[in-house]
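I have placed the structure first, in the form of structure tokens, so that the comments after it can refer back to it.
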């Protein structure tokens, strides 16, 4: 099928941008003075307009990415796009209706005094739709699990601000969800600049969030680097949020080229504004050795392949490094299965302009690497890098391959305990970034290791999102979780960024979140790229989030069973 190009969107003129900023400046005090109940009502209206424009939104996204109507990729645009935004709107609306204090299912203290808040499941429907799934947010040491500071403390953000959100080009849910966080949690009105890669979706997103635009609290604009720099440097703008690359972040903060590098080393940024960011990661998958059955090996081979192939590999939490124990009896068998699953996974249109050059760079570094999957026009094969070392400075460990590439790494270990002793520090110290990681561990292995040892593994992993027995895409999509780097990166070495978004229950001091699922999930999880019915499932889930109720559960279950 010939790819239908997406509609074009003209760049916003500098004069138009200035007019948008002036309008936001005039409304920022009004936003601060808007009650939690009135904010919730606005978000409820956005849920209605998002539902009205859901099909258009997903259809345009398919044209951007080259997905055929009705394909698995089409389903992804509901699940990873519209659904995540609808869920974010609902959770924030409910939180605001509780005056910023939505109920927490459970909180407790770890033995070292650190607080943990269970944020999922929240009720009986969650338990039915997501059987066995939990999400816990760990609070930064020294803080308690308080919520919604600006709604319980009138002095928390008395003047508000004007934020520029530089939207991501990969997942269409990222720009609107970043905007919602800035509005609801940071108390700032926003101008969203769409990324040129997916700017065609911008008008649909604008119509989905039309109630916020009409009220004067949001603007959406388009353009390249010139528009972006005008926004970030504008005196009206008080804060910046970027989802992108560390290189783009540094160019904004320090400036490009040699002069920018001098500023970075001197610690003298070119702009004095609060900046938050989510900047990617060389995300590891820790495959903990254990006694896995053939069915379990097959399930996780499908899952590992999906961690790479979802969205054509253009995901900041896509699997990049798969860590195995060299002495595990199933290591070679699981590798073989992953290769088979990837080879059977249809390749996709590589819609990012940089994809081919990135692919060529990595394959040039590792020429013996394996290519898998039949390619068509504009497609790239999946690739598994060979000959990757484990020492500090190894290219594949320190550079995110923004396309369908990942690496198998064998570590000197045989038992689960030996593996964790080497894999956790390897993930922390050798793999660039701290956004997300994945751990696959059999329940029998957990029992053998003991609760304290498993807890120590989670505590030691310096990642903002940890997915146990699933892909961290679930951490992202639940929205109850936070999404962002592990805290502590200085601006001079930003890695995966600073700050968080999502945070559906409005926790004030999140450190990391941990999502856990059963070891094998049945029916096929929605994030598996071999799911046979994810489009229908995505549409059912969007309708459910727009208006949850028990009567919709059977339809969702039926769609899931057909996957």
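Values quoted throughout were computed directly from the atomic coordinates according to the rules given, and no laboratory measurement underlies them. Keep in mind it's a predicted model, so treat the numbers as computed, not measured. Cβ sites come from the backbone with ideal geometry, for glycine too, and all protein chains shown count toward neighbours.
Annotation for region 172-199 versus region 55-110: alpha-carbon center distance of 14 Å. For the peptides 46-53, 384-391, residues were scored by their other Cβ atoms within 10 Å and the scores averaged per peptide; the highest-first order is 46-53, 384-391.
Give the shape of region 175-215 as rounded, prolate or oblate, defined through the alpha-carbon gyration tensor: a ≥ b ≥ c are the square roots of its eigenvalues, a/c under 1.5 means rounded, and otherwise the shape is prolate if a/b is larger than b/c and oblate if not. The shape class here is oblate.
The mean sequence separation of alpha-carbon pairs under 8 Å and at least six residues apart, normalised by the residue count of the chain, gives a relative contact order of 19 percent. Once both labels are positioned 7 Å from their Cα atoms along Cα-to-Cβ, the gap between residue 553 and residue 97 label points is 1.9 nm. In the frame of its principal axes, region 283-468 has Cα extents of 51, 34, 27 Å, reported largest first. Classify region 1-158 as rounded, prolate or oblate, taking a ≥ b ≥ c as the square roots of the eigenvalues of its Cα gyration tensor: rounded when a/c is under 1.5, otherwise prolate if a/b is larger than b/c and oblate if not. It comes out oblate by the Cα gyration axes. Peptides 528-534, 167-173 ordered by packing proxy, namely the average of other Cβ atoms within 10 Å per residue, highest first: 167-173, 528-534. Scoring 68-80, 356-368 by mean Cβ neighbours within 10 Å over their residues and listing the highest first yields 68-80, 356-368.
Only beta bridges with both residues in the chain are counted; by DSSP, about 35 percent of them are antiparallel. The sum of -39500 (n - 2.57) across all DSSP H runs of n ≥ 4, divided by the residue count of the chain, sets its helix-only mean residue ellipticity at 222 nm to -12000 deg cm²/dmol.
Specify whether the C-alpha gyration tensor of the chain places it in the rounded, prolate or oblate class, a ≥ b ≥ c being the square roots of the eigenvalues: rounded for a/c under 1.5, otherwise prolate if a/b is larger than b/c and oblate if not. Walk me through the numbers on the way to the answer.
Numbers: a/c = 1.35, a/b = 1.28, b/c = 1.06.
Taking the square roots of the gyration eigenvalues as a ≥ b ≥ c, the chain is rounded.
Considering only alpha-carbon pairs that sit under 8 angstrom and 6 or more positions apart, the relative contact order computed for region 425-563 is 22 percent. What is the helix-to-structure angle for 355-365, meaning the angle in degrees between its Cα long axis and the longest Cα principal axis of the chain, kept from 0 to 90 and rounded to the nearest 10? With both axes taken from Cα atoms, the answer is about 40 degrees. Return a whole-number percent for the relative contact order of region 283-468, with Cα pairs under 8 Å and 6 or more residues apart as the contact set. Rounded, it is 30 percent for region 283-468. Each DSSP beta bridge with both residues in region 283-468 is either parallel or antiparallel, and the antiparallel ones are about 15%.
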